[in-house]
1. Give me the distance in nm between label points sitting 7 Å out from Cα along the Cα-to-Cβ direction at V68 and I26, one decimal.
2. If you count only protein heavy atoms and use a 1.4 Å probe, how large is the accessible surface of Y154, to the nearest 10 Å²?
3. Could you sort H9, H94, H158 by their accessible area in this structure, using a 1.4 Å probe and putting the largest first?
4. Taking the chain as a Gaussian network, Cα atoms linked when under 10 Å apart, which of L20, L156, L116 shows the biggest mean-square fluctuation?
5. Just for the Cα atoms in the chain, what are the lengths along the principal axes, largest first, rounded to whole Å?
6. Run the count for the chain, please: Lys pairs, Cα-Cα under 28 angstrom, 8 or more apart or on different chains.
7. Let me spell out the model: positive unit charges on the Cβ of Lys and Arg, negative unit charges on the Cβ of Asp and Glu, origin at the Cα centre of the chain. What dipole size does that give, in debye rounded to 20?
8. State, to one decimal in nm², a quarter of the convex hull surface area for the C-alpha atoms of segment 58-102, i.e. the direction-averaged projected area.
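The values are calculated or read from the model by the stated rules, or taken from the named source; none is laboratory data. Remember, predicted model here, so these are calculated numbers, not experimental data. Don't worry about glycine lacking a Cβ; one is built from the backbone with ideal geometry, like all the others, and counts go over all protein chains shown. All accessible areas refer to the heavy atoms of the entire protein, side chains included, with ligands and DNA or RNA removed. Shrake-Rupley method; radii C 1.70, N 1.55, O 1.52, S 1.80 Å.
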Amino acid sequence: FPNGLSMNHFRQFLRSTYSLKRTRAIKLRKGAGQKPRLMLISRGRTRKLTNEGEITRMARKLGYEVIVAEAGLSTNLTSFAQLVNSCDVLMGVHGAGLTNMVFLPDNAILVQIIPLGGIDGLARVDFGIPSKDMNIRYLEYKIEATESSLIEQYPLDHAVFRDPSSFHKQG
């Protein structure tokens, strides 16, 4: 960044702009009195989690308070930023919704679900590397072909699974 500024400086600027008070995520450990909050970024059309209900139930069983949210064009950004800031974990499929990580408190966790398509490197550049600069812990989960909804449309030996980059080049 120019003038010695970093992603963390930008994040601090946003925290100030949106009056985000929470500076640190809670420590995630067994027996802690406070429930950690997990926000699951929901998507309506593409890269949708087909097992969103199952993920939510499992997270609750593990002791999380779960918030399922989708930011849209009409979403009040200040309210949404404050909601994200109240969370300890942000989880979602690779995409613009994960940029809300800038509103997380320090030491929060970002879980990026990487879809099929050979975008692993891009996904890490977009979210994995910047998260480190923002004092956010980064985890990723790469889905398998059998976990994709594409399995309902294409056989496992199709190019969409065997060679996703050539499939992308076809448009």
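1. 2.2
2. 60
3. H9, H158, H94
4. Looking only at L20, L156, L116, the largest GNM fluctuation is found for L156.
5. That gives 50, 45, 33 Å along the principal axes, largest extent first.
6. Count of close lysine pairs: 21.
7. Taking the Cα centre of the chain as origin, the dipole is about 780 debye.
8. So the mean shadow area of the Cα hull is 3.5 nm².
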